[in-house]
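**Q** Below: one structure in structure tokens.
The values are calculated or read from the model by the stated rules, or taken from the named source; none is laboratory data. Since we're looking at a predicted model, the values are computed, not measured. Note that each Cβ is placed from the backbone with ideal geometry, even for glycine, and that neighbours are counted across all protein chains shown. Each accessible area value is taken on the protein alone, full model and side chains, heavy atoms only, with ligands, DNA and RNA left out. Shrake-Rupley method; radii C 1.70, N 1.55, O 1.52, S 1.80 Å.
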Amino acid sequence: MLYHILYALQPYVSAFNVFRYITFRTIYASLTAFLICFLMGPYMIRKIAKLQVGQYIREDGPSMHHQKAGTPTMGGILILLSVISSTLLWASLTNYYIWTLLLITASYGAIGFVDDYLKQIKKLNRGLTGKQKFSFQIGAAFLAALLIYMIPGFDTRVMVPFFKNISPDLGWFYIFFAAWVIVAASNAVNLTDGLDGLAIGPVTIAAATYMVFAYLAGHVKIADYLQIQYVSGSGEATVFCGAMVGAGLGFLWFNTYPAQIFMGDVGSLPLGAALGGVAVISKQEILLVLVGGLFVIEALSVIFQVGYFKMTHGHRIFRMAPLHHHFELKGWPEPKVIVRFWIIAIALALLSMSTLKLR
Ligand code: 57M
């Protein structure tokens with residue numbers, strides 16, 4: 001919004017020329033989102049505690065988690081408010097990708113809110129059924145993927161990291177591929193959100209990485225130089241990623257160990273889906289496997305654990321899945337698991353950036 005109001009005044013106030021720059025608006029989108037989270041956090045924690053929206057801890061979880069019972073949850077509401085309001089304030093509101101990302105964020109936030117509401121407020125332990133949740137996720141992702149596919153000139157080729165000459169054109173099938181990226185990213189982040197700050201840290205790292213990718217993809221000269229796909233207008237997604245980074249750091253202030261608040265599904269589902277959405281828009285879909293490699297590892301640990309458990313009628317690969325619980329049960333203190341997983345997330349983000357040159 002500020003872009004439209006203040007840049008229009010540029011002929012009268014030359015300093016407002018700065019609002020045309022995506023880099024400037026990304027920095028202030030990030031700072032705005034951080035401040036909203038940082039300033040509203042204590043109020044949010046008090047409000048949720050007063051409403052007794054306390055986390056229910058399942059019996060079969062790691063024993064050290066039982067002390068977490070009652071921790072205020074659904075803090076993701078604050079994250080969404082920060083990301084959406086900061087994006088509306090600093091991004092160009094005539095940009096199609098911005099509205100698609102806001103649609104993804106709001107729709108997945110609504111799915112997570114209903115699930116949390118049923119679980120935490122209505123005390124219906126399971127919340128939405130797996131089928132209900134999955135159906136809503138696929139529906140929202142398919143709509144977003146269709147909107148992106150319908151953008152005139154949107155490139156349906158898929159870049160393969162490290163192989164610049166391999167980029168298969170999926171045509172209309174790209175809609176299903178893009179929807180799958182969004183759904184998979186959402187669920188992988190959801191599974192990872194099982195220790196204090198364990199999800200929000202890597203989400204912030206991944207958002208910072210895609211902040212760069214979106215900027216490069218939207219810059220015709222740099223995209224040409226790097227020989228990556230140029231996506232006209234995708235540069236605005238940089239502002240959205242900046243808001244995610246700021247909101248992530250602001251929420252981490254309160255979610256860091258020992259957490260004063262959990263984000264809930266209302267936070268984990270939209271954050272993962274938004275990362276999937278930015279990966280699609282910046283045409284770095286497959287690279288999300290590397291950028292979000294920690295989420296992939298956590299999801300695969302569950303898939304292998306459940307598969308092996310069923311195949312062997314009760315035997316386990318890990319002490320418990322997802323992987324973070326395995327290390328907890330090995331005796332690693334929670335902060336050690338969290339920070340080591342952050343280190344892996346940072347290393348994977350750096351490796352993914354290197355693919356821009358290793359091609
Ligand atoms: C998402 N939710 C956390 C919190 C957070 C198939 C199976 C692997 C599914 C999986 C599952 O239920 N995942 C749901 C993970 C939960 O966190 C809440 O959920 C929101 C995110 N969606 O915002 O509101 C618990 O995680 C802890 N937590 C923190 N700090 C945080 O900042 O300590 C969360 C955020 C919270 C809190 O204890 O209650 C979760 O873990 O459920 N199920 C599991 O992950 C379970 N694993 C399991 O069943 N493994 C079996 C299967 C695979 C065969 C096995 O390995 O044998 C574990 N989770 C729980 N209990 N709660 C273990 C059992």
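**Q** Taking residue 336 as the anchor, which lysines have their alpha carbon closer than 20 Å to its alpha carbon, excluding any fewer than eight residues away along the same chain?
**A** 68
**Q** Mind ordering 286-293, 202-209 by average Cβ neighbours within 10 Å, highest first?
**A** 202-209, 286-293
**Q** So, one more: Excluding residue 112 itself, calculate the net charge of residues whose Cβ lies under 13 Å from the Cβ of residue 112, where each Lys or Arg counts +1 and each Asp or Glu counts -1.
**A** -2
**Q** Quick check: pseudo-label points 7 Å beyond the Cα along Cα→Cβ at residue 150 and residue 134, how many nm apart are they?
**A** 2.8
**Q** If we count every other residue with Cβ under 10 angstrom of residue 128's Cβ, Lys/Arg +1 and Asp/Glu -1, where does the sum land?
**A** +1
**Q** Can you tell which of 200, 281, 344 shows the greatest fluctuation in a Gaussian network model of the chain with Cα springs below 10 Å?
**A** Taking springs between Cα atoms under 10 Å, the residue moving most is 344.
**Q** Further question: Please give the peptides 302-309, 89-96 ranked by average Cβ packing (other Cβ atoms within 10 Å per residue), highest first, as a rough proxy for protection.
**A** Top to bottom by mean Cβ count within 10 Å: 89-96, 302-309.
**Q** Compute the helix-to-body angle for 334-354: its Cα long axis versus the longest principal axis of the chain, expressed 0 to 90° and rounded to tens.
**A** In the chain, helix 334-354 runs at an angle near 30 degrees to the longest axis.
**Q** For the chain, what does the helix formula give at 222 nm: sum of -39500 (n - 2.57) over DSSP H segments with n ≥ 4, over the residue count, nearest 500 deg cm²/dmol?
**A** So the helix-based figure for the chain works out to -20500 deg cm²/dmol.
**Q** In square angstrom, rounded to the nearest 10, how much accessible surface does residue 320 have for a 1.4 Å probe?
**A** That residue has around 40 Å² of solvent-accessible surface.
**Q** Using a 1.4 Å probe, what is the accessible area per residue for the chain, in Å²?
**A** 46
**Q** So what are the ³J(HN,Hα) numbers for the stretch 174-181, from phi and the Karplus equation (6.51, -1.76, 1.60; θ = phi - 60°), rounded to whole Hz, Gly and Pro as x?
**A** 4, 4, 5, 5, 5, 5, 5, 4
**Q** Kindly state, to the nearest 0.05, the FRET efficiency for residue 121 paired with residue 35, given R0 = 35 Å and r defined as their beta-carbon distance.
**A** Working from the Cβ atoms, E equals 0.75.
**Q** Shifting gears a bit: Please list, in chain and number order, the residues 5+ apart from residue 160 or on another chain whose amide H is under 5 Å from its amide H, with Hs placed from the backbone.
**A** Distant-sequence amide H within range of residue 160: 166.
**Q** When the Karplus curve 6.51 cos²θ - 1.76 cosθ + 1.60 is applied with θ = phi - 60°, which whole-Hz ³J(HN,Hα) does each residue of the stretch 247-254 get, with x for Gly and Pro?
**A** Using θ = phi - 60°, the values come out as 5, x, 5, x, 6, 4, 4, 9 Hz.
**Q** Follow-up question, since we're still on this one. For the stretch 176-199 and the stretch 7-32, what is the separation of their C-alpha centers, rounded to whole Å?
**A** First find each Cα centre; the distance between them is then 33 Å.
**Q** Oh, and also: May I ask you to give the percent of accessible area on the chain that is carbon plus sulfur, with a probe radius of 1.4 Å?
**A** Summing carbon and sulfur atoms, their accessible area is 69 percent of the total for the chain.
**Q** Count charges around residue 329 for me, please; just the other residues with Cβ under 11 Å from its Cβ, Lys/Arg as +1, Asp/Glu as -1.
**A** Net local charge, residue 329 excluded: +2.
**Q** Can you give the FRET efficiency for residue 50 and residue 253, using 1/(1 + (r/R0)^6), R0 = 25 Å, r = Cβ-Cβ distance, to the nearest 0.05?
**A** After rounding, the FRET efficiency stands at 0.75.
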